[in-house]
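See structure below.
The values are calculated or read from the model by the stated rules, or taken from the named source; none is laboratory data. Treat the numbers as computed from the prediction; the structure is a model and nothing was measured. Please note: Cβ atoms are built from the backbone with ideal geometry, for glycine as well, and neighbour counts cover all protein chains shown.
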Amino acid sequence: MILEINVNSCYNIKYIFLGVFDLDQKKIDRINELAHKSKSVGLTEAEKAEQTELRNEYRRAVTGNLAAQLENTYIMTPDGKKRKVGRGT
């Protein structure tokens, strides 16, 4: 999907959305389940380790998806030139 946004009528920014994270819903549900359990009764050491690993996997998916979106984002200047927006730009 491509979304075009006019910013101050000077620049057109096109975003290409590549989809949501590469993390399945079961893992997201498990992250939430462990968070709720942590607040209510606490977690065992094994559950804490699982929670850390799942959170790290979630962070990698989000940052990877954001980087992919930035690699496919362009700014169009008023004179019609396209400038690629990339990671670290």
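Taking residue 35, is it at pLDDT below 85, part of a helix (DSSP H, G or I), out of contact with any strand residue (DSSP E or B) (no Cβ under 7 Å at 6 or more places or on another chain) and of a type in the set (Gly, Ala, Ser)? Judged against the criteria, residue 35 is not a match. Scanning region 44-82 for residues that are of a type in the set (Ser, Thr, Tyr) and free of Cβ contacts under 8 Å to residues at least 60 places away in the same chain yields 44, 52, 58, 63. Picking from residues in region 36-87 that are among the polar types (S, T, N, Q) and farther than 23 Å from residue 25 by Cβ, the one that is surrounded by the most Cβ atoms within 10 Å (Cβ to Cβ) is 73.
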